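Just so it is clear, none of the values below were taken in a lab; they were calculated from the coordinates. Just so we're clear, the structure is a prediction, and the values are computed from it rather than from any experiment. Glycine also receives a Cβ, built like all others from the backbone with ideal geometry; neighbour counts cover every protein chain displayed.
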Amino acid sequence: MTIDTSVLFTPHRMGSIDLPNRLVMAPLTRNRATPGTDAPHALNADYYVQRASAGLIVSEATQISRQGQGYILTPGIYTDAQVEGWQTVTRAVHAAGGRIFLQLWHVGRVSHVSLQADGAAPVAPSAIQANTKTYLAHGFDAVSMPRALEVEEIAMIVRDYYNATVNAKRAGFDGVEIHAANGYLIDQFMRDGSNRRTDGYGGSIENRARFALEVAEAVVNAWEPGRVGIRISPVSPANDMRDSNPTPLFEHVARSMSALKLAYLHVNESPAADGTPFDFAALRRAFKGTYIANAGYTREKAAAAIAEDRADLVAFGKLYIANPDLVARFQKGAPLNEPDQPTFYGGGVKGYTDYPTLTAA
Ligand code: 8OZ
C-alpha cells in the first residue's frame, strides 16, 4: 500500500506563527558551543541554516543559568555574549526563510560538581541521585549527588526562566520551548520517582505540576502564549525517571498548559521501560493547541499520524542530524543519509555540517 505523504507539506498555523510544512527539527544536544563562554558561533549558524526548510526548528537545549548546565559545551541564554551568539544564528536562519524557537533548559540533578559554581552540588526537588551519566571534559561520567532546593530558591529559578525568555526575544527567536522532558529539572518535579517533597511542590499531582505551571506562567508573561511551547516525555525512563501513575499527572499538565493557551504541546512518545502502554491520544484531546509528536517517526508514520489527526506536526531528531534537506528528501521519497553516532556530541564540522544534501550527492 502506498501512503499519501502530501499532508506533510501543507501549512499549519501554530499559536502566533505560520508554518509552511509539518516537519519539525527536534531539539538536539550537540555540545559545540564556544569553550569558555558557551556562546553559539558561526559554525552553529551554518548548521541551523542548512536545516532552515523545516516547518519549525527547535534549538538544542540551552541552559537558562550556570546552575542549569549539566554537560560541557551546551549553549546558554543568560549572558550578553550568548545572546549575541544566538543573534547570529537567528538572523541567518531567518535570512534563509526559516523559523526557530529556543529550548529553555535547567538540568536539575543531571549535572556534575565540575560544572557548578564553586564546585557546588547540583540542585533538585529532592536529594536523590540519578543513576545516569553526563558528558564532561574527561568524557562520560556519573552525575553528582544533588541537594534539595529550598522553597525560596524555586522562585529564583522561575525568575531565571523569565529572564531567559526575555533574552531569547532579544536574540531574535520566534518563540521558546520549555524543556519539561527527559528527566531534567521540571520533569524531576513532576514525576514521583524524583520528587519526595512534603511542601507545596510535592505529593499530589497538582503540587508536583506546580513548578511547571509557575515556569509556564513566567515565560508567557515574558512574551506571549502563542510563542511558547512545552515538551514532555510522560513515560520515558531516560535519566532514571519513573512515576507511579503518569496518566492523570500528564493529563493535568496538558489541561493546565492548554488553559494558559500555549502554542504547542511537544510529546516525546518514547515508551515505558516495561512496555506498559500509554494513551498519548488522551493528551492530544486534553490540549487545545498544536500537538507535536516525536520519537521514532518515519515519513510514512508521520503522514499517517497527521492524516488520522493524532498529531499536527512531527519532530525528527536523528533524521535531522543526518539530513539537512529532510523536507526535500521526504517530498521526493529520496534515500536518507545514515546518522553517525560517534559525532553526535562534541567536535566540529565532521558529523555536523558535512552531511550531503540531495543536490550535492
Ligand atoms: C542527549 C545528550 C545530552 C542531553 C535531552 C537535552 O535528552 C537532552 C540531551 C540528550 O533532552
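Rg to Rh ratio, the stretch 6-343, alpha-carbon atoms and Kirkwood radius?
Value, to two decimals: 0.94.
Select from the stretch 107-214 those GluC sites (Glu not before Pro) which occupy a DSSP coil region and have at most 13 other Cβ atoms within 10 Å, ordered by residue number.
E150
Would you calculate the volume per residue, in Å³, of the smallest convex hull containing every Cα atom of the stretch 156-242?
So the per-residue Cα hull volume is 94 Å³.
Averaging sequence separations of C-alpha pairs under 8 Å and six or more residues apart, then dividing by the length of the stretch 6-343, give the relative contact order as a whole percent.
Relative contact order, the stretch 6-343: 17 percent.
S111's amide H: which non-local residues (gap 5+, or another chain) put their own amide H closer than 5 Å, with H modeled 1.01 Å from N in plane and none for Pro or chain starts?
Under 5 Å from the amide H of S111: S144.
Taking the stretch 202-272 on its own, what percent of its Cα-Cα pair distances exceed 14 Å?
61 percent
Skipping prolines and chain starts, which residues have an amide H placed within reach, meaning under 5 Å, of the one on L28, given they are 5 or more residues away or on another chain?
E60, A61
Quick one: dipole size for the chain, taken about the Cα centre, charges +1 on Lys/Arg Cβ and -1 on Asp/Glu Cβ, in debye to the nearest 20.
420 debye
Taking amide H positions as placed in the peptide plane 1.01 Å from N, state which residues far from L19 in sequence (5 or more) or on other chains have amide H under 5 Å from it.
H12, R13, M14
I'd like the Karplus ³J(HN,Hα) series for the stretch 51-60: coefficients 6.51, -1.76, 1.60, θ = phi - 60°, whole numbers in Hz, and an x wherever there's a Gly or Pro.
These are the phi-based 3J(HN,Hα) values: 9, 6, 7, 4, x, 8, 9, 9, 5, 3 Hz.
Rounded to the nearest 5, what % of DSSP beta bridges with both residues in the chain are antiparallel?
20 percent
So what are the ³J(HN,Hα) numbers for the stretch 114-125, from phi and the Karplus equation (6.51, -1.76, 1.60; θ = phi - 60°), rounded to whole Hz, Gly and Pro as x?
Along the stretch 114-125, the couplings run 5, 9, 9, 4, 6, x, 5, 6, x, 10, 7, x Hz.
Hey, can you rank 122-131, 332-341 by average C-beta count inside 10 Å, highest first?
Ranking the peptides 122-131, 332-341 by packing returns 122-131, 332-341.
Over the residues of the stretch 40-155, compute the C-alpha Rg and express it relative to 2.2 N^0.38 Å.
1.20
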